[in-house]
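Here is the structure we will look at.
Each reported figure results from applying straightforward, stated rules to the coordinates on display, with no laboratory input. These numbers come from a predicted model, not from an experiment. Using ideal geometry, Cβ is built from the backbone for each residue, glycine included, and neighbour counts are taken over all protein chains shown.
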Ligand code: SF4
């Protein structure tokens, strides 16, 4: 059986681990438009610069920050995306895999 003291120690260690993980992610590099997978997906760090001829389904209200695959809050300047492991995408970016957040 876990003692109250051990429970508090575990909670503290768990919180520290979570905080360290968050800090580590905050330092994850940004996706660059020149990255191979970014090029393949038509990623534009500034969605307003999207090539509308090449990506006609793009609409100006589509941003990473309102995409179903964006892992941050809508107000976050950058966050993880399921398509770009260990990197961050800009909240105001866009790619051809954009899907409306439910
Ligand atoms: Fe942005 Fe969504 Fe494309 Fe990820 S899948 S880069 S969140 S538009």
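Return 48, 96, 65 ranked ascending by Cβ neighbour count within 10 Å, so the fewest neighbours appear first. Ranking 48, 96, 65 by Cβ neighbours within 10 Å, fewest first, gives 48, 96, 65.
Length gained on full extension, residue 100 to residue 57: 14.2 nm, using 0.36 nm per residue less the C-alpha separation.
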